[in-house]
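Report on the following structure.
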Amino acid sequence: MKFGVERKGFEEAMRELDKLAKAVNPEELVYWTKNVEATAKKLCEDSKNKIVFKHIEGKKMEFSVEDKKSRDCLVKAIESHFDSMPFFVQGYFSVVKYRLANLEQLNQ
């Protein structure tokens, strides 16, 4: 990950997201993460996988953004789908959006 928080902060954020994911139906997370990732890639015209946002087996999330533009596209994609999401999924994605919006660049 070229863009993010210091390693300890990132690991803490991932643990928090994993805990939240356990309260959400895994099929709903798969559905919404696919839609959000596809929208973010479209917004950024990402053909080089600068944006990765997936729900993986075991109710865990995998995400990475290569740069500020990719991060911003992912945040915008979450915002564009937010009102269509079920309540518990909204709660999860509001935390994801907050965490993403507050990432600081590591490698300038």
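One table, with the values for the structure above:
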{"read-out": "Extension reserve of the Phe87-Ile56 stretch, reckoned as 0.36 nm per residue once the Cα distance is removed", "value": "9.1 nm"}
{"read-out": "Backbone HN-Hα couplings from phi across segment 90-98 [Karplus 6.51/-1.76/1.60, Hz, Gly and Pro as x]", "value": "4, x, 4, 6, 5, 5, 4, 4, 4"}
{"read-out": "Potential lengthening between Lys68 and Asn102 on full extension [0.36 nm per residue; Cα-Cα distance subtracted]", "value": "11.1 nm"}
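Every read-out reported here was derived from the displayed coordinates using simple, explicitly stated rules and does not represent laboratory data. Not measured: the values here are computed from a predicted model.
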